[in-house]
Amino acid sequence: MAISFNVNGRPVSLEAPPEMPVLWALRDLLNLTGTKYGCGIGACGACTIHLDGKAVLACVVRLEEVAGRAVTTIEGLDPDGNHPVQRAWAQLGVPQCGYCQPGQIMRAAALLAEKKNPTDAEIDQAMAGNICRCGCYQRIHAAIRLAATGV
Amino acid sequence: MQLQSFVSLREPWATASAAVASSADGAFINVSRRSFLEALGLAGAFVLATPGALRAAETWPTGGETMPHGLVIDPKVFVAISPDGTVTITAHRSEMGTGVRTSLPMVLADEMGADWSRVKIIQAPGDEPTYGNQDTDGSRSMRHHIQSMRLMGAAVRMMLERAAAERWGVPVAQVEARVHEVVEKDGTRRAGYGELAKAAMDLPVPAIKDILLKPESAFRYIGKGNVPLYDMKAIITGKAIYGTDVRLPGMLYAVAVRPPVYGGKVKSFDARDAKAVPGVVAVIEIPGTPEPAAFMPMGGVAVVATNTWAALQGREKLKIEWEDGPNATYDSDVYRKTMSTIAAQEGKVVRNQGDVEKALQSAAKVIAAEYYQPHMAHATMEVPNATAVVKDGRCECWAPAQSPYAVRKDLAKFLGLDIRDVTVNVTLLGGGFGRKSKGDFAIEAAYLSKVMGGVPVQMMWTREDDIRNSYYHTTSVERIEAGIDTNGKVIAWRHRSVAPTILSTFAPAEYQFAIELGMGLVDNPFDIPNIRCENGPIKNHVRIGWFRSVSNIPRAFAVQCFVAELAHALGRDHKEFLLELIGPPRRLDPTAMGIIGELWNYGDPYEVFPIDTGRLRAVVELACEKAGWGRAMPPRSGLGLAVHRSFLTYVASVAEVVVEKDGTVRIPRIDTAVDCGFPVNPERIAAQFEGAAVMGMTLCFHSAVTFKNGRAEQSNFHDYEMVRMTNFPREVRVHIVPHRYTTPSAGVGEPGVPPIAPAIANAIFAATGKRIRELPIDTQLLREA
Ligand code: FES
Ligand code: FES
């Protein structure tokens, strides 16, 4: 039975096992490779997407759980890179290898959607699930602050 | 990747120069070291033509010329200009997060007068005969290639100027290149680079000795840090293509189970249940390679499916019986004790200066300590993976490869193909750290595609595979003894290192080789009259590989912590004592140091990159000044210092720590002082050292892969943790020592890592009085009593 949901504003319908993690459906079935695999166990945040506007980990959310709901991936956040979080990322030169950054950006965007001006502790807490092996945390933190306040 | 739509530039240099020797097929210019030196005028006299401009003669030799396939200095290989003015520059080094894919083309673009907004970068496939060496490791891309990039950029600029002069019928002296155009100096005529492209590129490339480099004052990008990452927009919009993002029509997805013990084999397997999983297309045994396996596959059983999830489900259902082999006895606790026992005995002497035995006997006091580090896995955020198509006697591969030509050679060997029938395309790398210098995963992908009759196959390692089957950072015991005389002077230093060697991945070996010994052991810069370094033998039981900064990690940890211990025992300020040990500013003489065999100087000529204790002292002073060394600290807070030269760069870090009641260590600030010679892209250099502080903190508190019964005990980020945003170095301040271009640029990718763990450990001592001699640090021991 096909599972229907919405991805980046477009309806999709997939014939796939309901227990398949959304991560693989996005990457392998829909060719949306911006959402990354890093651990597969919900421990790194590389696969962060928005489900009805909330940040979730695509590697531990099953396809059946998104039926009828709206998924946003990094490709759909702002394809031109003009979301305030993306602009702050570019301005502060956050990425090194860049691999973790779609997940970081999606997590940060969800945080700011919920809380316009989070405290340092709130930023730390919100971003705790997102590993950056290149170690860009200082700039990630500063970029979230920049996106929130413009400074 | 072809330059199809561009003016074709793939012609051999038209000018025959004594300096260049064409290869057999004439398609590239490879400069041998001797002829390079001659061409640079170092073998004879030269005259400066234009005031302020540098003749190419003012360059220096590097190890780049002696790397396999050396340097290629041919603008017709690296640069293309299309009629619309787009300048296409080939990046031949791999991008894994250092920014090199931006920084090297940036150097060329600046020198040729290109406008960065009109530069397009394409990535070279693995093809060293065409592009020269492509091994992106050893922190050497910039130091080996900055000069060739400048020479090529300058050559193109001169060709554009000549084309304009010929078009206008005026002497070349009357025109000059500005930004993306050539103008007549009296202001009458101007022509864009696009207009001039065809004529310019039809001209002979000037001989190296005739190339004029820009004066430093004319740099627009070099040394400025004003060029953003070329891939920035692609990264932040999710469009950047890493190895795992390659998608080909009809591509299948594979995962595999590999031997849990190094050297183990599949005895038998049952694939029935795996094959029954919907989406699973095939289950295929991958042949293994007997130990030492180098970069060849470990073997195992692969599941190939129409999507990753199906492949993973199939893998769960595999039943495999293993034959473990002799490494099944590997046990990290036992091994550590063995290393310790060996370190207590005399080892092979690798440096012998003065008479350590006698000095230790005559010493008023002898202090000794032993330091330990376990194995680590690189855990690149992007797991090892590759995609391959093998059919009709050809192989095409897409891989996040640090050394794409090595991968190509290994693929050809494994598949029995002529290397000309193998292509390796290089994607972006989601981290490398040395893991992706090894192409075992690409060979697995190619093997599966071949068995499947040419279907494109993507082989992906899971995180568990990555942690359990890595090319591990070595594990080591470093034991140091110091003899102190009645005046409190250190008169003897004996350092014994015991660690399985990287060499063992390629051939049976129990002793470390020059590269490992040169990373902080025999190159110890201390002004101590009697120094002996020894290396005890030990056999490896896993694949040992290089990990960002390699043996420098355990060496800096041991030496820099031991210096702090000595300072404390002698009641001295750590910084003052460290500077005293380093001694007066001087250039060290490796022969006088008693180094047995040749000193490994990171593959670069010692005359150009000597060990300069003045520069080492200066970074200590700078880091301490910026950190406010000596300032009063609240209870359970402290500052810790460490300095280390690696990859020809001098780095000192001062860490500030706060140790909480429950033992948690917080790091409000790290001040890192860096002397890497001329800083080519300071903004990316800062990023590298910020990142190194995080990686250093991770290995300080979290990184250990331990073995029982030959099997790795960790498997994913839940038990192989990383520093996260809940506790990271809050503020890393990178202080770069300014230098002119003529102080040769040195490495920046790796040298930030080694000083971090000892700086943190020393700060913890300052805060708590607890001595750290083992990584990762067990914070339970730091709880307030
Ligand atoms: S891949 Fe989903 S959290 Fe790591
Ligand atoms: S930028 Fe490389 S993992 Fe974050």
Quick one: which of B:Val477, B:Val550, B:Val522, B:Val455 is surrounded by fewer than 22 Cβ atoms within 10 Å (Cβ to Cβ), of a type in the set (Val, Ile, Thr), away from chain A (no Cβ under 14 Å) and not in a helix (DSSP H, G or I)?
B:Val455
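So that you can scan it fast, the table gives a plain yes or no per residue for (1) part of a helix (DSSP H, G or I); (2) touching a residue at least 40 places away in the same chain (Cβ under 8 Å); (3) in contact with a Lys or Arg (Cβ under 9 Å, 6 or more places away or on another chain); (4) not assigned by TED's automatic domain parsing to the domain that holds B:Asp421:
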site: B:Gln345; (1), (2), (3), (4): no, yes, yes, yes
site: B:Arg351; (1), (2), (3), (4): no, yes, yes, yes
site: B:Val366; (1), (2), (3), (4): no, yes, no, yes
site: B:Tyr372; (1), (2), (3), (4): no, yes, yes, yes
site: B:Ala388; (1), (2), (3), (4): no, yes, yes, no
site: B:Glu396; (1), (2), (3), (4): no, no, no, no
The listed residue being in contact with a Pro (Cβ under 8 Å, 6 or more places away or on another chain) and of a type outside the set (D, E, K, R), out of A:Ala108, A:Ala90, A:Ala113:
A:Ala90
Under 8 Å between Cβ atoms, which residue pairs at least 6 apart in sequence (or on different chains) link something in the range A:16-34 that is part of a loop (DSSP other than H, G, I, E, B) with a partner that is among the aromatic types (Phe, Trp, Tyr) and within 16 Å of ligand 2 (Cβ to nearest atom)?
none
Select from the range B:243-256 the residues that are surrounded by 21 or more Cβ atoms within 10 Å (Cβ to Cβ) and not acidic (Asp, Glu) and write down the one among them that is farthest from the other protein chains (Cβ to nearest Cβ).
B:Ala256
Is there a residue being within 19 Å of A:Gly38 (Cα to Cα) and not hydrophobic (A, V, I, L, M, F, W, C) anywhere in the range B:410-430?
yes
Taking the range A:67-90 and keeping residues part of a loop (DSSP other than H, G, I, E, B) and either more than 10 Å from chain B (Cβ to nearest Cβ) or surrounded by fewer than 24 Cβ atoms within 10 Å (Cβ to Cβ) (or both) leaves A:Ala67, A:Gly68, A:Arg69, A:Asp78, A:Pro79, A:Asp80, A:Gly81, A:Asn82, A:His83
Could you tell me whether the range B:142-161 includes any residue that is farther than 25 Å from B:Ser745 by Cα and crowded, with 24+ Cβ neighbours inside 10 Å?
yes
Which ones in the range A:35-46 are within 13 Å of ligand 2 (Cβ to nearest atom) and touching a Pro at 6+ places or on another chain (Cβ under 9 Å)?
A:Lys36, A:Ala46
So which pairs qualify, if the first residue must be in the range B:218-240 and away from chain A (no Cβ under 11 Å), the second must be modelled with pLDDT of 95 or more and in a loop (DSSP other than H, G, I, E, B), the Cβ gap must be under 7 Å, and the two must be at least 6 apart or on different chains?
B:Tyr221/B:Val227; B:Ile222/B:Val680; B:Gly223/B:Phe678; B:Gly223/B:Pro679; B:Gly223/B:Val680
Taking the range B:724-745 and keeping only residues that are aliphatic (A, V, I, L, M) and either part of a loop (DSSP other than H, G, I, E, B) or without any contact (Cβ under 8 Å) to a residue 24 or more places away in the chain (or both), one is left with B:Met725, B:Val737
Within the range B:705-722, identify whether any single residue is under 23 Å from A:Gly40 (Cα atoms), of a type in the set (A, V, I, L, M) and more than 7 Å from chain A (Cβ to nearest Cβ), and answer yes or no.
yes
Which of (1) out of contact with any Pro (no Cβ under 8 Å at 6 or more places or on another chain); (2) in a strand (DSSP E or B) is the odd one out, the single condition B:Trp322 does not satisfy?
(1)
Of the residues in the range B:726-749, those that are buried (at least 22 other Cβ atoms within 10 Å of the Cβ) and within 13 Å of chain A (Cβ to nearest Cβ) come to B:Phe728, B:Pro729, B:Val732, B:Val734, B:Val748, B:Gly749
Within the range B:265-280, how many residues turn out to be surrounded by fewer than 19 Cβ atoms within 10 Å (Cβ to Cβ) and either within 14 Å of another protein chain (Cβ to nearest Cβ) or in contact (Cβ under 8 Å) with a residue 40 or more places away in the chain (or both)?
8
Filter result (over 13 Å from the mean Cα position of the chain (by Cα), more than 14 Å from ligand 2 (Cβ to nearest atom) and either under 25 Å from A:Leu32 (Cα atoms) or within 12 Å of another protein chain (Cβ to nearest Cβ) (or both)) within the range A:122-146:
A:Glu122, A:Ile123, A:Asp124, A:Gln125, A:Ala128, A:Ala142, A:Ile144
For the range B:188-195, indicate whether the set of residues that are crowded, with 21+ Cβ neighbours inside 10 Å, over 30 Å from B:Ala302 (Cβ atoms) and outside the structural domain of B:Val424 (by TED's automatic domain parsing) is non-empty.
yes
Condition first: more than 30 Å from B:Asn307 (Cα to Cα), among the polar types (S, T, N, Q) and in contact (Cβ under 8 Å) with a residue 40 or more places away in the chain. Now tell me which residues in the range B:438-490 satisfy that.
B:Thr474, B:Thr475, B:Ser476, B:Thr486
I'd like the full set of residues that are on the phi > 0 side of the Ramachandran plot and of a type in the set (Phe, Trp, Tyr), limited to the range B:395-433.
B:Phe433
Tell me, which strands (runs of 3 or more DSSP E) lie completely within the range B:618-675 with 3 or more residues that are of a type outside the set (D, E, K, R) and in contact with a Phe, Trp or Tyr (Cβ under 8 Å, 6 or more places away or on another chain)?
B:637-646, B:665-675
Identify the residue in the range A:37-47 that is more than 7 Å from every other protein chain (Cβ to nearest Cβ) and crowded, with 24+ Cβ neighbours inside 10 Å and, among all such residues, is nearest to ligand 1 (Cβ to nearest atom).
A:Cys47
Might you check whether a residue that is in contact (Cβ under 8 Å) with a residue 12 or more places away in the chain, away from ligand 2 (no atom under 14 Å from the Cβ) and at the interface with chain B (Cβ under 7 Å from one of its Cβ atoms) occurs anywhere in the range A:100-121?
no
Taking A:Gly93 as the residue in question, decide whether it is surrounded by 24 or more Cβ atoms within 10 Å (Cβ to Cβ) and not assigned by TED's automatic domain parsing to the domain that holds A:Leu57.
no
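The values are calculated or read from the model by the stated rules, or taken from the named source; none is laboratory data. Just so you know, these numbers come straight off a predicted model, no measurement behind them. Every residue, glycine among them, receives a Cβ derived from its backbone with ideal geometry; neighbour counts consider all protein chains shown.
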